[in-house]
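No lab work stands behind these numbers, since they all come straight from the coordinates. What you see is a predicted model; the values in this text were computed from it and never measured. Cβ atoms come from the backbone with ideal geometry, glycine included; neighbour counts cover every protein chain shown.
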Amino acid sequence: MPELPEVETTRRGIEPHVAGARILRVAVREARLRWPVPPEVNRAAGQLVRRVARRAKYLLLELESGCLIVHLGMSGSLRLVAADAPPGKHDHVDLVLEGGSSLRLTDPRRFGCLLWSDDGHHPLLEKLGPEPLEADFSAGYLHARSRGRRVAVKHFLMDGQVVVGVGNIYANEALFLAGIAPTRPAGRVSLARYTALAEAVRTVLARAIEAGGTTLRDFVGGDGKPGYFAQELRVYGRTGQPCPRCGTAVRGGQLGQRSAFWCPQCQR
DNA sequence: ACTGGCTCCTGAGGGC
DNA sequence: TGCCCTCAGGAGCCAG
C-alpha cells in the first residue's frame, strides 16, 4: 500500500514525463472513488502541467491554472501508459497527454481520490502536520504536541495533523528503532525518547524512499506485494519471529483498528 | 479538545 | 478446484 515513500517514488517517477506536458483531456471511466471525481477536473484539459508536487500523501499536479489533487489510497498507482493501451478493470482515470501517452490512475479498492483545486488550496490539505523529512518535524515539536495526550504513541504518530505520511508499517518500524512501546500514551514519552523517535521516523522513511518504497517495486504485478524495503522490516508482519536486536519473540496484536508489532523486551 | 470506532472497497489467503 | 469467510489498510468523519 502506498505510504509516503511510495508516493514520493511515484512523484519522482512521473515528474520528468509529466512536467511540461500538456493534458489534452481527462477520461474518467469510474468516478466513484473515495469521493466522487468532480466534473471540475475537466478544467485540466488543454493545460500544461507546471510541476508535480507532493504534500503528505497527496500528489499535486500543478497546472497553469488550478491543480489536480491525487491520493493513491491503499491500492492506487499512477503510471504512464501508451494512450491507446486498453484500460483494465481498475483503470479509473486517464490524463491523456499530448504526444501519445496517458497518465493512468489505477486503484482496485478505490480508497484513493482525484480532486480539483482552483488555487492550490483544499480543505483536505489545510490541517496537515509537518512533513517528516522537513526541519519543522522535530523532537521538540512532537514533545510539545503530545503533552496531555493519552492516545497510544503509535496512534499519535499516525495522525496526519501531527505529522504526515507515517502509515502503519513505518509507525511500527520507527517505534521499534526508538525502543518505544506502541501502546505507551503519547503524553508519557520523554523529550529524550521523542528525539530517538523523530530520528527513527526520518531514518525509516529515508531508507524506504531509497529502496523505492515497501511495495512499489512489485506494484506492476498487482497490489500489496512486498518490495525491497520489505526485506528490511524488523517487526512489521513478524509476529512470533525473533527480535533482530534481542531475539525475543515479536508480539503482534490489534491496537485501535490497526495491527501493531513490537518487541516486548526492547520497547517500553 | 480528545478519543475511539466506523466506513469505504476488493484481492489475498486460509479452511474445508 | 472452488467456494466462502475474514482480514488488511488511509484517513475522513462522527458520536460520545
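Worth a mention:
- Neighbour counts of other Cβ atoms within 10 Å put A:T239, A:T183, A:T10, A:T106 in the fewest-to-most order A:T239, A:T183, A:T106, A:T10.
- For region A:18-125, the mean projected area of the C-alpha convex hull, equal to one quarter of the hull surface, is 5.8 nm².
- As a proxy for reagent exposure, A:E30, A:E210 were ordered by neighbouring Cβ count within 10 angstrom, fewest first; the result is A:E210, A:E30.
- Debye-sum result for region A:49-98 in log10 I(q)/I(0), which assumes one identical scatterer on each alpha carbon, at q = 0.21, 0.23, 0.27 Å⁻¹: -0.89, -1.02, -1.19
- Note on region A:50-209: semi-axes of the ellipsoid equivalent to its C-alpha gyration tensor, largest first and rounded to whole Å, are 35, 17, 13.
- For A:K57, the aspartates and glutamates whose Cα falls under 16 Å of its own Cα, not counting residues fewer than eight places away in the same chain, are A:E3, A:E6, A:E8, A:E15, A:D107, A:E126, A:E131, A:E134, A:D159.
- Evaluated over region A:25-75, the Cα radius of gyration and Dmax, each in Å: 11.3, 30
- Segment A:Q231-A:R22, length gained on full extension (0.36 nm per residue, minus Cα span): 71.4 nm
- Per-selection Rg to Rh, region A:62-131 - Cα, Kirkwood hydrodynamic radius: 1.02
- Percent of alpha-carbon pairs separated by more than 25 Å within chain A: 47 percent
- Computed FRET value (nearest 0.05) for A:A249 with A:E98, which takes r as the C-beta separation and R₀ as 41 Å: 0.15
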